[in-house]
Amino acid sequence: MYRQKNHPELKVLKNLEDIESISDEKMILTSFNGFCVINTFADTLTFRPFESYNDKPLGGLKNIYSDPHRNVWISTDYGVARFNPATSTVTNFTYYNSNIGLTPNPDISYSKKTNTIFIGQAQAVNTIVLDSLNIAPAGKILLSDLHIDQYHLSGIPESGQALDLNFEQNNLYFEFTNLNFTNAQNNSYKYQFGGEKSNWKVMSDNTLQFSNLGYGNYILKVIGENSFGLKSSNEFLLYINISPPFWRTWWFNGLIISIISLFIYGIFKYRDIQRQKLDKLRHTLARDLHDDMGSTLSHIRMMSERESMRRESNQSFKTIADKTAEVMNNMTEIIWSINPKNDSLKNIIEKIQEFAIDTLEPMGMDIHFDIDDVPGNIRLNPEHRRHFYLIFKEAINNTAKYSKANRVIFSFKMENKKMFLKFSDNGLGFDPLLIKRGNGLKNMESRAMALNGKINISTGEHGTQISLLF
């Protein structure tokens, strides 16, 4: 038993009227609001309902007859309809496009001898002689009118032509004509808009309107059917090209990118020029300090040492010579820190190693360096370089003065763009509470903060260890 509640396809049909076999594999079922094609070739019946055609209700259908050409004739509310199962097309014969009377759902019969369909009417009989059936041929689709905002048309474009518009000309109104005038009010139209993969849509009448189209390339296709259900002999085709506003064009975007690139390049170039000027100034300052101040201090030191060597000389000359030597050492470090040639991290590590050797080897200490490959492209600005150097200079001086160590280790490691440095000795260590009274440790901590780094100082009876991470 096949019930509507078990088959949703049948639920759209109401008041089933007639059923007829039209082939070994198909049957037709008519109803008050359409018909249904039943496929019987499978173990389970399948149903394909036709409630409307071209978005128009089929109305009530009743009597069924299949002619020798496998067309199915069905009586309708307005006359008769011919259904082609192979193409699924419906052709209506009504009072408006033929000589059929107004009787709804007329009885139909067929004469094999004359190949004629007989249609019962009120007090009359209509006939359709299949051998001489003359149906109005399919018409041709034409564009009969076109309106575009802010655009003057020199003529109506033909099928296959293109419309080139700017982004403001994006409101379009089309009116089409199907050159088939038999019952023309029942001509129907479909259109496809966008691209080849767009869906076909049924038009409510022979007009189309598109508003506020975005820029891009569109393809408009229109086809039609006459009142007999025959498709138009052509497919109207129109290419619509809407250009983007200038600020959305490739050349404008390229211009903006070029301007931004030039601006960024200008900033970096300006900074590079300023850096070169600063490096030149630093180089000049370092050279002048070395040549002028260095020679003057050397002269003072030599004279002081010479005067201090005399027996009757004042002890003050020796003090002057010592202080001058100390100033010269400090000035040498200042000159080194100013010179842009020493900005690289590699030069700073070498400077620390050199200072450690000069300070600790004369005291008999064994110095061990554990230095990874130092990247040559890492540069520190003068302020960071001075803080970095003075942290380990202070550590080396403290070891020399207080540790009584015989072995020191200086190591450098670099992992994940972080630098880790450690200086340790095997000396006596120190009392942190006593050392904190001075400025040495405080200076080291403040310099580490200036480097955005972290310093750790540990001490004990087995020595002192200072590590810096930044």
> Can you give the alpha-carbon Rg of the range 213-263 over 2.2 N^0.38 Å, where N counts its residues?
Replying inline: 2.13
> In the range 4-132, how does Rg compare with the Kirkwood Rh, expressed as the Rg/Rh ratio over alpha carbon atoms?
Replying inline: 0.97
> Residue by residue through the range 184-194, which ³J(HN,Hα) values in whole Hz follow from phi under the Karplus form 6.51 cos²θ - 1.76 cosθ + 1.60 (θ = phi - 60°), with glycine and proline marked x?
Replying inline: 4, 5, 9, 5, 10, 9, 10, 9, 10, 9, x
> By average Cβ neighbour count within 10 Å, what is the ranking of 93-104, 124-135 from highest down?
Replying inline: 93-104, 124-135
>> Within the range 10-144, count lysine pairs with alpha carbon atoms under 30 angstrom apart where the residues are 8 or more positions apart or belong to different chains.
In response: 13
>> Can you work out the Karplus-derived ³J(HN,Hα) for every residue in the range 59-67? Use 6.51 cos²θ - 1.76 cosθ + 1.60 with θ = phi - 60°, whole Hz, and x for glycine or proline.
In response: x, x, 10, 9, 5, 10, 8, 10, 8
> When Lys and Arg each count +1 and Asp and Glu each count -1, what net charge do the other residues less than 12 Å away from residue 83, Cβ to Cβ, add up to?
Replying inline: +2
> How much length, in nm to one decimal, is gained on full extension between residue 346 and residue 379, taken as 0.36 nm per residue of separation minus their Cα-Cα distance?
Replying inline: 11.0 nm
> ³J(HN,Hα) across the range 352-364 via Karplus (A = 6.51, B = -1.76, C = 1.60, θ = phi - 60°), whole Hz, x for Gly/Pro?
Replying inline: 5, 4, 5, 5, 5, 5, 5, 8, 9, 4, x, 8, x
> So what's the net charge close to residue 40: Lys and Arg +1, Asp and Glu -1, counting the other residues with Cβ under 14 Å from its Cβ?
Replying inline: -2
>> What do you get for the angle between helix 294-308 and the principal long axis of the chain? Use alpha-carbon atoms, 0 to 90 degrees, nearest ten.
In response: 20 degrees
> What order do you get for 419, 449 when you list them from fewest to most C-beta neighbours inside 10 Å?
Replying inline: 449, 419
> What residues qualify as long-range amide H neighbours of residue 17, i.e. H under 5 Å apart, gap of 5 or more or another chain, H built at 1.01 Å from N?
Replying inline: 30, 31, 32
>> Treating only the Cα positions of the range 141-246 as identical point scatterers, give the base-10 log of I(q)/I(0) from the Debye formula at each q in 0.11, 0.17, 0.18 Å⁻¹.
In response: -0.34, -0.78, -0.87
> Once the convex hull of the C-alpha atoms of the range 85-215 is built, how many Å³ does it hold per residue, rounded to a whole number?
Replying inline: 165 Å³
> What are the residues whose amide H is under 5 Å from the amide H of residue 167, where those residues sit 5 or more places off or on another chain and H is modelled from the backbone?
Replying inline: 243
>> Per-residue counts of other Cβ atoms within 10 Å, averaged by peptide: what ranking do you get for 15-28, 68-81, highest first?
In response: 68-81, 15-28
>> Quick check for me: using +1 on Lys/Arg Cβ and -1 on Asp/Glu Cβ, what's the dipole size of the range 141-246 about its Cα centre, in debye to the nearest 20?
In response: 360 debye
>> Could you compute the net charge surrounding residue 407? Neighbours are other residues with a C-beta less than 9 Å from the C-beta of residue 407; K and R count +1, D and E count -1.
In response: -2
>> Under the √(5λ) rule applied to the eigenvalues of the Cα gyration tensor, what semi-axes describe the equivalent ellipsoid of the chain? Give them in Å, descending.
In response: 109, 31, 14
> Helix 440-450 versus the longest principal axis of the chain: what angle, 0 to 90°, nearest 10, using Cα atoms?
Replying inline: 30 degrees
>> Whole angstrom only: what separates the Cα centroid of the range 195-217 from the Cα centroid of the range 395-425?
In response: 78 Å
> Relative to the first principal axis of the alpha-carbon coordinates of the chain, what is the inclination of helix 250-288, with its axis defined by its Cα atoms, in degrees from 0 to 90 and to the nearest 10?
Replying inline: 0 degrees
> When we measure straight from the Cα of residue 404, which aspartates and glutamates land under 14 angstrom away, once same-chain ones fewer than 8 places off are left out?
Replying inline: 361, 366, 425, 461
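Each reported figure results from applying straightforward, stated rules to the coordinates on display, with no laboratory input. Worth saying up front: this structure is predicted, and the values here are computed from it rather than measured. Note: ideal-geometry Cβ built from the backbone for every residue, glycine included; neighbour counts use all protein chains shown.
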